[in-house]
């Protein structure tokens, strides 16, 4: 595959960018149906780089609403409609400040600068299942695909290796938006040579885990400054929900890698939820009760934009 590229991708947006997101999901039915509990994940994961300025959710029909933390401490809004209806509409909004951390410049502990390296015993205990592959590689295709990244370099720099993996997915695979629920297995993505952001994320997660590194799925939203000016966006999937992964590198912590766009930080990635597997982080999931054929479909409208001031 040739030499692993140097860390030269520095797409960034100025610090303290103020971003707004609106996410509306509408379910339609042929006649009024009753609803069970729905779980909505939209509130960003706040930290030193992201601060939540405001958030709100509106649901029609009238519903009972409360908040919980799931097993990975993601904020989950639990919605239970009170009455039957032929339409369920969930409108979510939030505003954040995003400080655009450049994760590629964060220091790495000497023991982890080059791959392979060992996590400490405590790290292994805490990382647990995030280090374990979850999907089969019966014919070794994913292993062979990953091995080609090394070329003649037996001990590449860890961040360079992970960047090379993300860059290879971006350059070799065709992005194909899919409205259907679920995710392709890594074997399916390798065979098809195409997929959506969640498929590329799972492919890289499983490759990383087969290297013995810890990786977790991240769901959220994707921002491109060109959205504000009406220009043609340059980032695949901008202005919509998005998926990427984080890899735990000692010294740097959880470092983001977006294999769909080769983005490694900055303010373009607005994280909402962490998960061991993509199935744990749908934006909206729930149940309804009615006759076969009542469900007419759903529509999703997402807007991601920059606010000029507080």
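The numbers here are math on the coordinates, done by the rules we state, and not lab data. The structure presented is a predicted model; accordingly, all values stated were derived computationally and were not measured. Heads up, the Cβs are rebuilt from the backbone with ideal geometry, glycines too, and the neighbour counts pull from every protein chain shown.
Data table
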quantity	calculated
Fluctuation leader among 229, 171, 268 - the chain, Gaussian network, Cα springs under 10 angstrom	229
Angle between the chain longest axis and helix 197-210 axis [Cα atoms, degrees, rounded to 10]	40
Label-to-label distance, nm, for residues given as residue 226 and residue 194 (7 Å Cα→Cβ offset)	2.1
Segment residue 240-residue 301, length gained on full extension (0.36 nm per residue, minus Cα span)	21.1 nm
Rg/Rh (Cα only; Kirkwood hydrodynamic radius) as it applies to segment 86-140	1.19
Cα-based helix-to-principal-axis angle, 158-172 vs the chain, degrees rounded to 10	60
Segments 124-132, 278-286 sorted - mean Cβ within 10 Å per residue, highest first	278-286, 124-132
Peptides ranked, highest mean first, by Cβ atoms within 10 Å: ranges 195-206, 178-189	195-206, 178-189
For segment 73-116 versus segment 122-194, the gap between their alpha-carbon centres in whole angstrom	22
Percentage, to the nearest whole number, of Cα pairs in the chain over 37 Å apart	18
Residue-span extension gain [residue 122 to residue 147] - 0.36 nm each, minus C-alpha spacing	6.2 nm
Projected-area mean, segment 247-310, by convex hull of Cα positions, square nanometres	8.2
Cα Rg over Rh - segment 137-221, Kirkwood	0.96
Equivalent ellipsoid dimensions for segment 212-258 as semi-axes, Å, which come from the Cα gyration tensor, largest first	28, 10, 7
Among 155, 45, 271, residue whose mean-square fluctuation peaks in a GNM of the chain (springs only between Cα atoms under 10 Å)	155
Ordering of 233-245, 69-81 by burial proxy (mean other Cβ atoms within 10 Å per residue, highest first)	233-245, 69-81
Theoretical ellipticity at 222 nm over the chain - DSSP helices of four or more residues, -39500 (n - 2.57) apiece, nearest 500	-5000 deg cm²/dmol
Span per principal axis, largest first, for the Cα atoms of segment 104-279 (Å)	48, 37, 32
Percent antiparallel among DSSP beta bridges (both partners in segment 104-279, rounded to 5)	90
